[in-house]
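All remarks here apply to the structure that follows.
The values are calculated or read from the model by the stated rules, or taken from the named source; none is laboratory data. Please read all numbers here as calculations on a predicted model, not as lab measurements. Note: accessible area is taken over every heavy atom of the protein model, side chains too, but ligands, DNA and RNA are not part of it. Shrake-Rupley method; radii C 1.70, N 1.55, O 1.52, S 1.80 Å.
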Amino acid sequence: MEGRSAYVFTALQVVAAATLLWFLISWAAPWNMQSWVGSVLVVVGVVFVGVARCQLGKSFSIRPKARELVAHGLCLKIRNPIYAFGSMTIFGLILVLQRPGLWAGLAAVVAIQIIRARREARALQEAFGDSYREYGRKT
(Lines give C-alpha, C1' and ligand atoms only; values in the text may rest on other atoms or scores of the structure.)
Protein backbone atom coordinates (compact mmCIF):
# COMPACT_ATOMS: atom_id res chain seq x y z
CA MET A 1 0.00 0.00 0.00
CA GLU A 2 1.51 3.27 -1.02
CA GLY A 3 0.90 6.99 -0.97
CA ARG A 4 -2.41 8.48 -0.08
CA SER A 5 -4.28 5.17 0.20
CA ALA A 6 -1.84 4.01 2.90
CA TYR A 7 -2.50 7.14 4.95
CA VAL A 8 -6.26 6.83 4.53
CA PHE A 9 -6.22 3.14 5.52
CA THR A 10 -4.01 3.89 8.54
CA ALA A 11 -6.32 6.72 9.59
CA LEU A 12 -9.31 4.38 9.34
CA GLN A 13 -7.49 1.82 11.51
CA VAL A 14 -6.74 4.47 14.14
CA VAL A 15 -10.37 5.65 14.15
CA ALA A 16 -11.62 2.05 14.46
CA ALA A 17 -9.24 1.34 17.36
CA ALA A 18 -10.21 4.57 19.13
CA THR A 19 -13.91 3.77 18.65
CA LEU A 20 -13.44 0.29 20.04
CA LEU A 21 -11.57 1.60 23.08
CA TRP A 22 -14.21 4.30 23.64
CA PHE A 23 -16.87 1.58 23.47
CA LEU A 24 -15.09 -0.38 26.21
CA ILE A 25 -14.71 2.67 28.43
CA SER A 26 -18.37 3.60 28.10
CA TRP A 27 -19.75 0.04 28.38
CA ALA A 28 -22.65 0.30 30.82
CA ALA A 29 -23.38 -3.37 31.47
CA PRO A 30 -22.34 -4.89 34.79
CA TRP A 31 -18.64 -5.73 34.86
CA ASN A 32 -17.47 -9.16 35.93
CA MET A 33 -14.18 -11.05 35.61
CA GLN A 34 -14.98 -12.08 32.04
CA SER A 35 -15.54 -8.44 31.06
CA TRP A 36 -12.25 -7.36 32.63
CA VAL A 37 -10.26 -10.15 30.98
CA GLY A 38 -11.91 -9.36 27.66
CA SER A 39 -11.07 -5.67 28.02
CA VAL A 40 -7.43 -6.46 28.72
CA LEU A 41 -7.31 -8.71 25.65
CA VAL A 42 -8.88 -5.97 23.51
CA VAL A 43 -6.41 -3.34 24.67
CA VAL A 44 -3.39 -5.63 24.27
CA GLY A 45 -4.65 -6.78 20.87
CA VAL A 46 -5.22 -3.24 19.60
CA VAL A 47 -1.81 -2.08 20.82
CA PHE A 48 0.04 -4.98 19.23
CA VAL A 49 -1.89 -4.70 15.95
CA GLY A 50 -0.66 -1.09 15.88
CA VAL A 51 2.90 -2.12 16.71
CA ALA A 52 2.88 -4.81 14.02
CA ARG A 53 1.42 -2.38 11.50
CA CYS A 54 4.21 0.11 12.22
CA GLN A 55 6.90 -2.57 12.05
CA LEU A 56 5.62 -3.78 8.68
CA GLY A 57 5.79 -0.25 7.33
CA LYS A 58 5.54 -0.14 3.54
CA SER A 59 5.45 -3.95 3.42
CA PHE A 60 1.87 -3.87 4.70
CA SER A 61 -0.74 -4.36 2.00
CA ILE A 62 -4.31 -5.54 1.66
CA ARG A 63 -3.50 -7.92 -1.19
CA PRO A 64 -0.47 -10.22 -1.01
CA LYS A 65 2.59 -8.36 -2.28
CA ALA A 66 6.23 -9.24 -1.67
CA ARG A 67 8.01 -5.94 -1.19
CA GLU A 68 10.37 -6.88 1.62
CA LEU A 69 10.80 -9.84 3.94
CA VAL A 70 10.10 -8.39 7.38
CA ALA A 71 11.81 -10.61 9.96
CA HIS A 72 12.25 -8.28 12.92
CA GLY A 73 10.14 -7.09 15.80
CA LEU A 74 6.94 -9.06 16.33
CA CYS A 75 7.47 -10.82 12.99
CA LEU A 76 10.60 -12.38 14.46
CA LYS A 77 8.44 -14.71 16.57
CA ILE A 78 4.96 -14.52 15.00
CA ARG A 79 4.61 -14.94 11.25
CA ASN A 80 1.29 -13.07 11.02
CA PRO A 81 1.10 -10.76 14.05
CA ILE A 82 -1.72 -8.60 12.71
CA TYR A 83 -3.91 -11.66 12.25
CA ALA A 84 -2.97 -13.10 15.64
CA PHE A 85 -3.54 -9.90 17.60
CA GLY A 86 -6.62 -9.00 15.55
CA SER A 87 -8.13 -12.35 16.55
CA MET A 88 -7.15 -11.64 20.16
CA THR A 89 -8.99 -8.32 19.96
CA ILE A 90 -12.15 -9.95 18.61
CA PHE A 91 -11.92 -12.71 21.24
CA GLY A 92 -11.67 -10.08 23.96
CA LEU A 93 -14.61 -8.16 22.57
CA ILE A 94 -16.71 -11.34 22.58
CA LEU A 95 -15.83 -11.83 26.25
CA VAL A 96 -16.90 -8.25 27.04
CA LEU A 97 -20.16 -8.47 25.10
CA GLN A 98 -20.95 -11.96 26.44
CA ARG A 99 -22.90 -12.92 23.33
CA PRO A 100 -22.34 -16.61 22.47
CA GLY A 101 -23.54 -16.11 18.89
CA LEU A 102 -20.45 -14.04 18.13
CA TRP A 103 -18.20 -17.10 18.35
CA ALA A 104 -19.29 -18.02 14.81
CA GLY A 105 -18.05 -14.63 13.64
CA LEU A 106 -14.66 -15.23 15.22
CA ALA A 107 -14.46 -18.66 13.57
CA ALA A 108 -15.23 -17.04 10.19
CA VAL A 109 -12.58 -14.35 10.72
CA VAL A 110 -9.96 -16.95 11.65
CA ALA A 111 -10.84 -19.05 8.58
CA ILE A 112 -10.47 -15.99 6.33
CA GLN A 113 -7.17 -15.08 7.97
CA ILE A 114 -5.81 -18.59 7.39
CA ILE A 115 -6.66 -18.33 3.70
CA ARG A 116 -5.05 -14.89 3.47
CA ALA A 117 -1.95 -16.04 5.36
CA ARG A 118 -1.48 -18.93 2.92
CA ARG A 119 -1.77 -16.58 -0.06
CA GLU A 120 0.75 -14.22 1.51
CA ALA A 121 3.12 -17.12 2.21
CA ARG A 122 2.96 -18.21 -1.45
CA ALA A 123 3.74 -14.68 -2.66
CA LEU A 124 6.64 -14.33 -0.21
CA GLN A 125 8.03 -17.76 -1.05
CA GLU A 126 7.96 -16.98 -4.76
CA ALA A 127 9.74 -13.66 -4.19
CA PHE A 128 12.26 -14.60 -1.50
CA GLY A 129 12.68 -18.37 -1.92
CA ASP A 130 15.12 -19.90 0.57
CA SER A 131 15.18 -16.77 2.75
CA TYR A 132 11.45 -17.05 3.32
CA ARG A 133 11.61 -20.81 3.91
CA GLU A 134 14.29 -20.26 6.57
CA TYR A 135 12.19 -17.51 8.15
CA GLY A 136 9.20 -19.88 8.10
CA ARG A 137 11.14 -22.54 9.99
CA LYS A 138 12.00 -20.03 12.73
CA THR A 139 8.50 -18.66 13.26
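Where does the range 32-139 land on Rg(C-alpha)/(2.2 N^0.38 Å)?
Details: Rg = 15.4 Å, N = 108, 2.2 N^0.38 = 13.0 Å.
Taking the Cα Rg and dividing by 2.2 N^0.38 Å, one obtains 1.18.
Quick check: at a probe of 1.4 Å, how many percent of the accessible area of the range 30-97 sits on carbon and sulfur atoms?
On the way: 2570 of 3620 Å².
For the range 30-97, the apolar C and S fraction of the accessible surface comes to 71 percent.
In what order, largest first, do 65, 138 sit by accessible area if the probe radius is 1.4 Å? Show your work: numbers first, answer last.
Numbers: 65 110, 138 140 Å².
The ordering from most to least exposed comes out as 138, 65.
Could you state the accessible area per residue of the chain in Å², with a 1.4 Å probe and every protein chain left in place? Write down the numbers at each step before the final one.
Working: 8820 Å² over 139 residues.
On a per-residue basis, the chain sits at 63 Å².
Under a 10 Å cutoff between Cα atoms, tell me which one of 22, 36, 103 has the largest fluctuation in the Gaussian network model of the chain.
Highest fluctuation of the listed residues: 22.
Can you put 134, 68, 126 in order of accessible area, largest first, using a 1.4 Å probe? Numbers along the way, then the final one.
Numbers: 134 75, 68 105, 126 160 Å².
Solvent-accessible surface, decreasing: 126, 68, 134.
Any idea what the relative contact order of the range 49-114 is, in percent, if you count C-alpha pairs under 8 Å spaced at least 6 apart?
Numbers: 33 pairs, mean separation 17.8, N = 66.
Relative contact order for the range 49-114 comes out at 27 percent.
At a probe size of 1.4 Å, how large is the accessible area of residue 133, to the nearest 10 Å²?
About 90 Å², ignoring ligands and nucleic acids.
Please identify, among 70, 46, 37, the residue showing maximal mean-square fluctuation in a Gaussian network model of the chain using a 10 angstrom Cα cutoff.
37
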